[in-house]
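Data first, discussion second: the structure below is written as structure tokens.
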Amino acid sequence: MKDTLKHRGKRNLLANILIEKGIEDTKVIEAIKKVPRHLFLDSSFEDHAYQDKAFPIGAEQTISQPYTVAFQSQLLEVKQNDVILEIGTGSGYQTAVLLQLGARVYTIERQSQLFKRNKLFFPKMGIRPKKAILGDGYKGYPEEAPFDGIIVTAGAPIVPKPLLAQLKIGGRLVIPVGVEDQIMTLFVRKSELEFEKQEFGSFKFVPLLENKN
């Protein structure tokens, strides 16, 4: 569980790559520089941890490409103490970035293998979401709604209506929508019934599955 000067140097290089690719939010770049991504990967992948690539983490899931994490985080526009719902905890890397940005995070994972792993791993890493939940991300988390932001880290064939319903007025939902390839989509809640939608190009995610743990 070491984070060395060499690792920090690699994170700085990774941050520069993300800036070149168009990430402009300085808070997001600083979060990427601070979160030790190599600790979220199997040790056999450690040498590759600061490449801008996705990697397998078990349970047929991946740790997202750093650019994707930074891009989604930038779209979310996290402010200090914003209450954020994350659908798809996965490795916990995105969770850690959100916490570094000052969010209060509720995070849902449907894979019990990953959920159990994170239950042990998060305290060791000092990662403290408000709550980690084993459950169906399609349903969101009505117990703590409404949210300032919701981020989905798996490809959704449709936009789950409960997620839109659980946004505050002014809240933002960042979700990759599609089956094979996904279009990164942002919904901003303008009123009780009105949402503004923007699309941001093609990404590739593992699928968001419904009613499965």
Which residue is surrounded by the most Cβ atoms within 10 Å (Cβ to Cβ), if the candidates are limited to the stretch 129-149 and must be closer than 26 Å to R37 by Cα and in contact with a helix residue (DSSP H, G or I) (Cβ under 7 Å, 6 or more places away or on another chain)?
G149
The stretch 51-77, subset in a strand (DSSP E or B) and in contact with a Pro (Cβ under 9 Å, 6 or more places away or on another chain), residue modelled with the highest pLDDT
I63
Kindly establish whether L167 is aliphatic (A, V, I, L, M) and modelled with pLDDT of 95 or more.
yes
Residue check, K27 under 18 Å from the mean Cα position of the chain (by Cα), modelled with pLDDT of 95 or more and open to solvent by 30 Å² or more (accessible area, probe 1.4 Å):
yes
State which residue pairs qualify: first residue touching a residue at least 60 places away in the same chain (Cβ under 8 Å) and inside the stretch 1-25, second residue surrounded by 10 or more Cβ atoms within 10 Å (Cβ to Cβ) and assigned to a helix (DSSP H, G or I) in any location, beta carbons under 9 Å apart, and separation of 6 or more residues or different chains.
M1/L39; M1/M125
The listed residue being of a type in the set (A, V, I, L, M) and at pLDDT 95 or above, out of A154, A145
A145
Would you be able to say whether some residue in the stretch 90-99 is crowded, with 20+ Cβ neighbours inside 10 Å, touching a Lys or Arg at 6+ places or on another chain (Cβ under 8 Å) and in contact (Cβ under 8 Å) with a residue 60 or more places away in the chain?
no
Return yes or no: is I87 open to solvent by less than 30 Å² (accessible area, probe 1.4 Å) and touching a Pro at 6+ places or on another chain (Cβ under 9 Å)?
yes
Against the condition open to solvent by less than 60 Å² (accessible area, probe 1.4 Å), touching a strand residue (DSSP E or B) at 6+ places or on another chain (Cβ under 6 Å), under 19 Å from V69 (Cα atoms) and in a strand (DSSP E or B), how does F205 come out, does it pass?
no
When every residue in the stretch 7-24 that is of a type outside the set (D, E, K, R) and not in a helix (DSSP H, G or I) is compared, the one surrounded by the fewest Cβ atoms within 10 Å (Cβ to Cβ) is G22
Consider the stretch 34-61. How many of its residues are among the polar types (S, T, N, Q) and surrounded by fewer than 14 Cβ atoms within 10 Å (Cβ to Cβ)?
2
Scan V179, V174, V159 and give me the residue that is open to solvent by less than 50 Å² (accessible area, probe 1.4 Å) and either among the basic types (K, R) or within 23 Å of K53 (Cβ to Cβ) (or both).
V174
Within the stretch 145-164, is there a residue that is polar (S, T, N, Q) and within 18 Å of V69 (Cβ to Cβ)?
yes
Being closer than 17 Å to H38 by Cβ and either at pLDDT below 95 or in contact with a helix residue (DSSP H, G or I) (Cβ under 9 Å, 6 or more places away or on another chain) (or both): is that true of F121 here?
yes
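The values are calculated or read from the model by the stated rules, or taken from the named source; none is laboratory data. Here the structure is a predicted model, which is why all the values come from computation and not from measurement. Neighbour counts are summed over all protein chains in view; Cβ atoms, including those assigned to glycine, are modelled from backbone coordinates with ideal geometry. For accessibility, only protein heavy atoms count, side chains too; no ligands or nucleic acids. Shrake-Rupley method; radii C 1.70, N 1.55, O 1.52, S 1.80 Å.
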